[in-house]
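Structure first, commentary second.
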Amino acid sequence: MGNNKELSREESAEIVGMDQDSFDARALELKLPGFKTNKIKKSTLEKYFTLSVDEEFDSHVIAISNQKGGEGKTTVSICLGEALSRSGKTLLIDWDPQANATNLFHKDIKFSVMDSLGYRGKKSVSLERIILPLDKNYDLAPSALDLANFTTAYERDDFELLKEALLPIRSKYKYIIIDCPPSLGLILENALIAADFVLVPIQTRAFSVQGLKDLHETIEKIRKKANPRLKLLGAVLNQYEGQKALSGLATSIKKYFPVFKTLLYRRESIPQSQAKMSLLSHYDSQALQYFLDLAEEVKGKLDV
Ligand SMILES: Nc1ncnc2c1ncn2[C@@H]1O[C@H](COP(=O)(O)OP(=O)(O)O)[C@@H](O)[C@H]1O
Ligand SMILES: [Mg+2]
C-alpha cells in the first residue's frame, strides 16, 4: 500500500520522527538508498528505520529473553500468553529452534516460522498461514529445528525478517509474545528488533550475574543501533522457593533490570501440565494466578 511512493529527505525525516540533521547523518551512515538522489522509497525507509507510524499499532510485542536455558522463558511465554489472552487476542511465537513450546501442543507441523522469513531468498509462506490455535483467543506460530539454520546475516534485511513477517498480522493481535532461544545472535537480534518490550525470566536458585550483564549489553546495543522503541519491562523471578532473602537477590538483579513485584513460585503442576500438553488454566488454576498477576503488572507497564 503506497510503499513504492518516493519521499524527499524532509518528508523522510518527518516520517521517522527525527530532526533533519540527525536524519541526514544517520542516512549517510547507513548508505540509505535514494538519499543522494532525494528519492527515498517508503519501503526502503521502513527497512532502514523504525517509522514513527509503527507506534500506531495497538498491539504490543513482548520478547521473553534470557540467553541461559532453563530460566523459564518458554514457561513464562506460554503462561503469560495464556493470562494475557483473557484480555485480548494473543499470539505466541515460538522463536527457538528447540521448538519446546510447539512440541508441547502440536506434534506434526507442516510449516515452521522459518518458512515465513524469506531467508536467503527462499520463497516464504505468510505467518498467517502457519498459525495454529492454542485456545479460543490464543494462537501459536510454531517453530522447528530448521530455524537453527538462521545463523548468519547475509544482508542487512536479515536482522529484520521477523519484524517484516509480523507486520501484516500485528493489527490482528493485542499481544504478541516471542519465546526466544537460549543464545545471543541473529535469532535473538531479530526478536529484539521486532519487539516493543523485553521481559527477562530469571531462575532464582542459580542465576549468573555475568549472563545478565551480557543480555543487558545486547539489549542496549539493539536499542541504540536498530530499535529505539525497545523498552525493558524488567526481570521476573521464577521458581522462587522462598529460601533466599529476596532483597539480596533483587539488589544484584536491579543493577541491570527492574524487578517485577510478582513472584513466580516453583510449582510441580507447571512441568506436569506441560507433560500433559495442557494449558495451565485447565490443570492448576491457582498456579495460573501467578501469571494473571504478572499479566496485570505487565499491562500496567505497557501503557505508560
Ligand atoms: N515456576 C516453575 N515451577 C516449576 N517448574 C518450572 C517453573 N518454571 C519453569 N519450570 C520448569 O523448568 C524447566 C525449564 O523451564 P523452561 O520454561 O523450559 O525454560 P527455558 O525456556 O528458559 O529454557 C521446564 O521443565 C519447566 O517446566
Ligand atoms: Mg525455552
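Overview of results
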| quantity | calculated |
| --- | --- |
| Within-13-Å neighbourhood charge of S8 [Cβ basis; K, R +1; D, E -1] | +1 |
| Förster-model FRET efficiency, 45 Å R0, K276 and R229, C-beta, rounded to 0.05 | 0.75 |
| Computed FRET value (nearest 0.05) for T151 with E10, which takes r as the C-beta separation and R₀ as 30 Å | 0.15 |
| Sequence-separation-based contact order of the chain, relative, with Cα cut under 8 Å and 6+ spacing, percent | 20 percent |
| Two-decimal log10 I(q)/I(0) for the chain, as the Debye equation yields it once each C-alpha is a single scatterer, q = 0.08, 0.13 Å⁻¹ | -0.36, -0.92 |
| Pairwise label distance in nanometres, D108 with A206, each label 7 Å out on the Cα-Cβ vector | 3.9 nm |
| K221/K41 FRET efficiency (R0 25 Å; Cβ-Cβ; nearest 0.05) | 0.35 |
| Point-charge dipole on Cβ atoms (K/R +1, D/E -1) for the stretch 1-148, about Cα centre, debye to 20 | 640 debye |
| Set of lysines near K299 by C-alpha distance (under 23 Å), chain-local residues within fewer than 8 positions excluded | K73, K89, K136, K163, K172, K174, K231, K254, K261 |
| Unit charges on C-beta of K, R, D, E only; dipole of the chain, Debye | 320 debye |
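All of the numbers you see were taken from the coordinates with simple rules; none came from a lab. The structure presented is a predicted model; accordingly, all values stated were derived computationally and were not measured. Neighbour counts are summed over all protein chains in view; Cβ atoms, including those assigned to glycine, are modelled from backbone coordinates with ideal geometry.
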